[in-house]
1. Given the criterion crowded, with 19+ Cβ neighbours inside 10 Å and more than 9 Å from chain B (Cβ to nearest Cβ), identify the matching residue among A:115, A:101, A:146.
2. So if I check each of B:73, B:86, B:30, which one is surrounded by fewer than 20 Cβ atoms within 10 Å (Cβ to Cβ) and either in contact with a helix residue (DSSP H, G or I) (Cβ under 7 Å, 6 or more places away or on another chain) or touching a residue at least 60 places away in the same chain (Cβ under 8 Å) (or both)?
3. Please work out if residue B:11 is exposed (fewer than 14 other Cβ atoms within 10 Å of the Cβ), without any contact (Cβ under 8 Å) to a residue 40 or more places away in the chain and not assigned by TED's automatic domain parsing to the domain that holds residue B:84.
4. Among the numbered conditions (1) closer than 22 Å to residue B:153 by Cα; (2) in a helix (DSSP H, G or I); (3) over 15 Å from the mean Cα position of the chain (by Cα); (4) at pLDDT below 95, tell me where residue A:159 comes up short.
5. For region A:168-199, which positions are farther than 13 Å from residue A:80 by Cα, at pLDDT 90 or above and within 7 Å of another protein chain (Cβ to nearest Cβ)?
6. Here are the criteria: (1) in contact with a helix residue (DSSP H, G or I) (Cβ under 9 Å, 6 or more places away or on another chain); (2) not assigned by TED's automatic domain parsing to the domain that holds residue B:152. Tell me which single one residue B:112 does not satisfy.
7. Scan region A:73-85 for residues that are assigned to a loop (DSSP other than H, G, I, E, B), facing another protein chain (nearest Cβ under 8 Å) and over 15 Å from residue A:144 (Cα atoms) and jot them down.
8. When you check residue B:102 against the structure, is it in a helix (DSSP H, G or I), assigned by TED's automatic domain parsing to the domain that holds residue B:149, touching a residue at least 12 places away in the same chain (Cβ under 8 Å) and closer than 26 Å to residue B:126 by Cβ, yes or no?
């Protein structure tokens, strides 16, 4: 079966997703994935180094895009509004894929410890990239990782809601999650953050 | 060399840390660790299933302790003050170990992708346990994971500062990190969280 380099990658990704969903990750080999995508095993390994990476294509591009979006946010924004601006500007990268395929990928990853660990490593890389980008905007080093992790918490919630078929659009999901983060620490609740010690 | 079951575990942990630091995780076998701890390889595998787990002992107890502390926080506290209360109440679990050993463990884990992934999985388990415990306190399901992830962000920062030899005590590090989280989203900065779109 002929196809451009990009077509082949996409075919391999869809084949992997199908086999990992139906048979399970552990019971599928790279050769099985190659066969379903109608390419040789050698072609598979020209595209992906192992069985995991086929589900994590585009990670480097995504990480760069997030870091660039943070760098390019309007000057003078505080850290969390910077992240909201950045996430909104790259929202199309998150939502360009078919939601049903993305949801299926999420289910396979959640059900497979080895893939789940890889997903967590990916999130950690993105968090580190955001931290560095914030530091380049002169956010102090004791604040930048805290802001990055809270930003990732917001992004994760918006993404899970989107995957679950929420009817709000993605920018609204992001803004609503940021608003909930703000309400979590709104001093008007009167409970503040002073240490509460047991008597 | 004789020793109680607990002594043997501690010896194995120290031996693993020493070898992973000096030779590297990849160039160390369970047999090497057993030899340095003066026990048989068979004894090693009675204590730990593989080379990674020797550095992650006590994870289940820690996860349970955090969840219990969340459950036992005073009624009526908002989610983040609940987490501050919970983290303060279990602070001794984090600081009972020798700081230098903990710092060495942290360095080995950070330098070894396979251990780093395992550490991220541990953090994800704790986050899930906190989320569930918050939901049992009637925190809504769209808020609980957000609060749990922000709480973990705070805990991570306090822990890294403690490992780095910060002179503040652990409760102060926690309270300061929570205060920084609050200042990140304080509406008095005037920047709020309404979506900011590019023109």
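1. A:115
2. Values: B:73 fails: surrounded by fewer than 20 Cβ atoms within 10 Å (Cβ to Cβ); B:86 fails: surrounded by fewer than 20 Cβ atoms within 10 Å (Cβ to Cβ).
From the options B:73, B:86, B:30, the qualifying one is B:30.
3. On the way: exposed (fewer than 14 other Cβ atoms within 10 Å of the Cβ): no; without any contact (Cβ under 8 Å) to a residue 40 or more places away in the chain: yes; not assigned by TED's automatic domain parsing to the domain that holds residue B:84: yes.
In short, no.
4. Result: residue A:159 passes all but (3).
5. A:171
6. Only one criterion is unmet by residue B:112, namely (2).
7. Initial filter on region A:73-85 (assigned to a loop (DSSP other than H, G, I, E, B)): A:73-78.
Next, from what is left, pick out any that are facing another protein chain (nearest Cβ under 8 Å): A:74, A:77-78.
Scanning region A:73-85 gives a single hit, A:74.
8. So residue B:102 fits the description; yes.
The values are calculated or read from the model by the stated rules, or taken from the named source; none is laboratory data. Being a predicted model, the structure only gives us computed values, none of them experimental. FYI the Cβ positions are ideal-geometry reconstructions off the backbone, even for glycines, and counts take in every protein chain you see.
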